[in-house]
Amino acid sequence: MDMKITASVQKRYAEGANERQAELCCPVDYNTEYLKIIPQEVIEKDYGCGDPSQYVREGEVVLDLGSGGGKICFIASQVVGDKGRVIGVDMTDDMLDLARRNAPIVAKEIGYANVEFKKGNIQDLKTDMGQVDEYLRENPVQNSEDFGKLKQKIQEIGEKAPMIADDSIDIIVSNCVLNLVSDNEKKQLFQEMYRVLKVGGRIAISDIVSDEMSPEHLKNDEKLWSGCISGAFQEYEFGRLLEEVGFYGVSIDKFDKEPWQIVEGIEYRSMTILAWKGDDAVSFDKNQAVMYKGPWKEVIDEAGNKFPRGKRMAVSDKLFTKMQMEPYKDQMIAIEPHVAVTDDIPFKGGCCGLSERKPEETKAGTKRITTNPSQDGCC
C-alpha cells in the first residue's frame, strides 16, 4: 500500500505542476509584500493550507519539506535575507522543474540567491535522490545484481553525503505535505526532522487534521490520500507523535474553525503546529528555580514535570535555560541563586518529579540581612 500511495501522490502533484488542481488547496492569506516578486505560475500552482513562512526569521537556515513549486521557499528567502539560506525538498520532478526554473527570477528580483531545491523523500532526509538519479543514468538496473549495487549505492550516499546534515537547520516548515506520507513512515519522518534540527531549533507545520480517526476504507482510497484526506493526522495524535520522538513545547498555533472537507461525517481542517528540539546533554543542579505565573493552577510539561502556580520549583540548568526560551518564556519567572554554583553536580529531581526550591536554598552563601522598611525614599 505504501508504494501505491507514493505513486498516487507523485502522479497527482506532477499533474498539479502542469495544470492547477483547485481541490488540493485551502484559502490562505499570505503577506502580499512577499508575493510581488514571485512569478505567477508558482503562485497559481501552490497547494497549501496555511502559511508556515510567517514563523521564519532573519538569518536562519530554513528547510521546507514538500516544497512543491517553491512558493514558501521564495517567501522565506526574502525573510531570512542574504545571510540566511533556504532548502526545499520535494520528490516530484515536475514540481522541482517549476521551482528551479523560477529560482533565478526571484534571485534577480531580491538581489541574492539563497535558495536551493533538492530531490528526496521527506521521510528520508539522508538520501539525495538527485544523486541516485545520476547513478542510475550511468548504471541502469537490469538484473538482481544491479539492484543490489543500487541499494548499496543508496546506503553509501546517505552515510557519506547526507542530503540534509545532522543539527544543521534552524526551522523546518511544511505546508500541507506531511499527511501525504504513509502511516507506516510518519514516525520515521518525525525522527528525521528531529535529527536535522539544531538544538533549540523548531518546526512550523501547516497541515490537514481530522477530528476523528480516519477508518481503513478511507485510508485505502488512493485518490483521497493524494487529496490530503486519508493520511491526515488526528488532532491529538499529531502532537503525541511529535512528543514521542523528543520534541517539546508542542503548541497548536492556528486551528480553522470551519472544516475544509467533510467525509462521512469526519471533519478535515487546517491546523498549524509548532514544536522545538531539546538538548539531550547531562543536566546539572545550579541551585536555580522557576515559578509558573498562571493563569492555570498547575501545568505539566512533556517530561511529566509539574509547575504549580506561584511555587519555586527546583530545575536543572538545562530546564532552567529551556524555560527562558520559546514557548515558555512568557509563562515562567526565572530565579537565579544569590551565589552562582560552579560545580557540576548531577541534577536529581524528587521521587515524584520536581521538588520545591526553598528560598533559603536560593539565598545560600549570603548573609541574612534586614532592611529598614521605614527608611526614607522610594523602594
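Throughout, read-outs are computed from the coordinates displayed, never taken from laboratory work. Small disclaimer: the values here were computed from a predicted structure and weren't measured. Glycine gets a Cβ as well: all are built from the backbone with ideal geometry, and neighbour counts include every protein chain shown.
Overview of results
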read-out	value
Helix 235-244 vs. the chain, principal-axis angle (Cα, 0 to 90°, nearest 10)	70
GNM flexibility winner over the chain from Gly365, Gly349, Gly130 (Cα, springs under 10 Å)	Gly365
Derived scalar couplings ³J(HN,Hα) [segment 51-60; Karplus, 6.51 cos²θ - 1.76 cosθ + 1.60; whole Hz; x for Gly, Pro]	10, x, 5, 5, 9, 7, 10, 4, x, 8
Bridge type composition, the chain - antiparallel percent by DSSP, nearest 5	60
Residue range of the chain that is longest and free of trypsin sites (Lys or Arg not before Pro) which are both DSSP loop and sparsely packed (at most 16 other C-beta within 10 Å)	84-256
Residues whose placed amide H lies under 5 Å from that of Val263, excluding near-sequence neighbours	Tyr268
CD proxy at 222 nm, helix term only [per DSSP H run n ≥ 4: -39500 (n - 2.57); per residue of the chain; nearest 500]	-9000 deg cm²/dmol
FRET efficiency estimate (nearest 0.05) - Cβ-Cβ, Asp167 to Ile110, R0 22 angstrom	0.20
Amide proton proximity set for Arg85, modelled H, under 5 Å, gap of 5+	Glu60, Val61, Val62
For the chain, built as a Gaussian network whose Cα springs stay under 10 Å, the top-fluctuating residue of Met163, Met332, Met95	Met332
Kirkwood Rh, Cα atoms: Rg over Rh of the chain	1.06
Segment 114-188 and segment 235-278: distance between their alpha carbon centers, rounded to Å	26
Rg/Rh for segment 288-362, where both radii come from Cα atoms and Rh is the Kirkwood radius	0.93
Under-5 Å amide H pairs with Gln288, H placed in peptide plane, nonlocal only	Val315
Stretch in the chain that is longest and holds no chymotrypsin sites (Phe, Trp or Tyr not before Pro) that DSSP places in a loop and that have at most 16 other beta carbons within 10 Å	113-295
